[in-house]
C-alpha cells in the first residue's frame, strides 16, 4: 500500500505541472482553427529556419511541458519536423534544476546547455533541409480538422470546449503512462541501471540514449545524477538528455496519426543523440 501511495504521489507531482502547457497549446491550436484561416499558415510556412532556432532555445528551458506542446504543434501542422527534433534534442527536463541544487556542478550547466543547443540546431536544420521528403508538411487547418474529426471533440461549437476536451484527454493519457513508467523505474532501481550503463566503454552513450527515451522525468534525473556522481561520462549524459524528450514522444504518437513519421523522428533523435554522445566521449574521455 505504501508503494502505491508513493507511486501515485510521484505521478501526480510529475503530471500536474504539465496541465498549463497542455491547455495553452490546445488553446492556440483551437484559435488557429477558428480564426487563422490562411493568413497564419503562410507566415508559419515561411518561418522554418527561425522555427528551428526558437525550438532549440526554448527546448533547453528546464521544464517538461514544452516538448508536449511542440508535439501537438507538429501534429497540427504548425511546426516542421526539424523544429520538433530541435525541441526534443535540446530538452533537458529535470537536469538543470538538479545541477543548480549542487553548487559544485553549477559550472557544468552552460557547457551542457551549449552542447545540446548546438546539436539541436545542426540536427534541426539538417532534417528540414535533407529529410524534407520524409516529413511532408500539411496545411495547419487541414491537420487540425482531421484530428478533431477523429476525436469528436465539439471544437466547432466552442474554442474553449475543444481546448478543454483535448487537454483532459491528453492529460489522462500522460497520467496513466507516467504511472506505469514510474512504477517500472522504481522496481528496477538506480543501482541496476547504473550497472547496465557499462562504465568506461563506447557502449555507454548507446545505453544512456536508450534510458533517455524512457518517457518520464525520472530518466533525466537518473542520468544527471549518475553523471554528477561520476558514474557516466559527459558524452553519455549528453546522449541520454538529447534522446530524453519527456512525454513528447508518447504525445506525438497519440496525436500524429502517421506512424512512419513518428518512428522516423524517434529513430533520428536517438541516432543523433547517441552519435553526438560517442563523438564527445572520444574527444572528452
Assess whether residue 235 counts as being crowded, with 24+ Cβ neighbours inside 10 Å, under 22 Å from residue 98 (Cα atoms) and modelled with pLDDT of 90 or more. yes
Filtering the stretch 167-199 down to residues that are outside any helix (DSSP H, G or I) and out of contact with any helix residue (DSSP H, G or I) (no Cβ under 6 Å at 6 or more places or on another chain), which residue is modelled with the highest pLDDT? 189
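When only residues in the stretch 20-47 that are under 30 Å from residue 219 (Cβ atoms) and modelled with pLDDT under 80 count, which is surrounded by the most Cβ atoms within 10 Å (Cβ to Cβ)? Steps first, answer last, please.
First, the residues of the stretch 20-47 that are under 30 Å from residue 219 (Cβ atoms): 20-29.
Subset that is modelled with pLDDT under 80: 21-22, 24-29.
Numbers: 21: 19, 22: 24, 24: 15, 25: 25, 26: 26, 27: 17, 28: 17, 29: 29.
That would be 29.
Out of the stretch 209-251, which residues are within 23 Å of residue 71 (Cβ to Cβ) and either in contact with a strand residue (DSSP E or B) (Cβ under 6 Å, 6 or more places away or on another chain) or in a loop (DSSP other than H, G, I, E, B) (or both)? Before you say what the answer is, go through the steps one by one.
Within the stretch 209-251, the subset within 23 Å of residue 71 (Cβ to Cβ) is 209-224, 238-251.
Residues satisfying the conditions are 213, 214, 215, 216, 244, 245, 246, 247.
The values are calculated or read from the model by the stated rules, or taken from the named source; none is laboratory data. Small disclaimer: the values here were computed from a predicted structure and weren't measured. As a convention, Cβ positions derive from the backbone with ideal geometry for all residues, glycine included, and neighbour counts pool all protein chains shown.
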